[in-house]
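Structure, as structure tokens:
All of the numbers you see were taken from the coordinates with simple rules; none came from a lab. These numbers come from a predicted model, not from an experiment. Every residue, glycine among them, receives a Cβ derived from its backbone with ideal geometry; neighbour counts consider all protein chains shown.
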Amino acid sequence: MPKRDPAITSKIMRAIKSKCTKPERELGAAMWRLGLRYRKHYPVKGKPDFVFIRTKIAVFCDGDFWHGNNWRLRGLSSIDEELLGYDSYWQHKIRRNIQRDTEVTACLEEDGWTVIRLWESQIKESPLGCAKLVKKEHDKRKSISR
């Protein structure tokens, strides 16, 4: 496969948002409809997309490509198989994102947070279903903290 011009790749990558993505907006609207009130991009380790401060729940909307879920969507056997088609820069970038996600989750859990990580594809398939998962955990933690 011929190499793409780096200027074109750069232009494509600059257009990709990191905040207020469509899956985030859809999940946020679904949670709001269920009566959940959250903070967005609260300054806590890992910069969760949504935070419930009183119940200490951090919700992340992880992009399938950026956080290493593409292999499942494509029906491949592993992340290694997916990354075979990527150049070394992207292999390293995605592996580092996966590692950082694991570290952030562990750090938050050590500080008493419940971490919920939802894939972009899960949210697209059922924003309300994902919101209900968050609400279930929120209600559980709310009853414990009383």
| request: Give the angle, between 0 and 90 degrees and rounded to the nearest 10, that separates the Cα long axis of helix 88-110 from the longest principal axis of the Cα atoms of the chain. | output: 10 degrees
| request: Give the long-range amide H neighbours of PHE50: residues separated by 5 or more places, or on another chain, with amide H under 5 Å away, using H modelled in the peptide plane at 1.01 Å from N. | output: HIS41, VAL59
| request: Return the long-range amide H neighbours of ARG117 (sequence gap of 5 or more, or a different chain), with a cut-off of under 5 Å between placed amide H atoms. | output: PHE60
| task | Run a plain Debye calculation on the chain (Cα atoms as equal point scatterers, no solvent) and give log10 I(q)/I(0) at q = 0.09 Å⁻¹, rounded to two decimals, same order as the q list. | result | -0.33
| said: Using the Karplus curve 6.51 cos²θ - 1.76 cosθ + 1.60 with θ = phi - 60°, what ³J(HN,Hα) values do you get for each residue of region 127-137, in whole Hz, with x for Gly and Pro? | reply: x, 5, x, 5, 4, 5, 4, 5, 4, 4, 5
| said: Set the bar at 30 Å for Cα to Cα. Now go through LYS93/LYS140; LYS93/LYS132; LYS93/LYS124; LYS47/LYS140 and name every pair that lies beyond it. | reply: LYS93/LYS140; LYS93/LYS132
| field | Charge dipole magnitude, Cβ of K and R +1, D and E -1 - region 29-146, Cα centre, debye nearest 20 | value | 900 debye
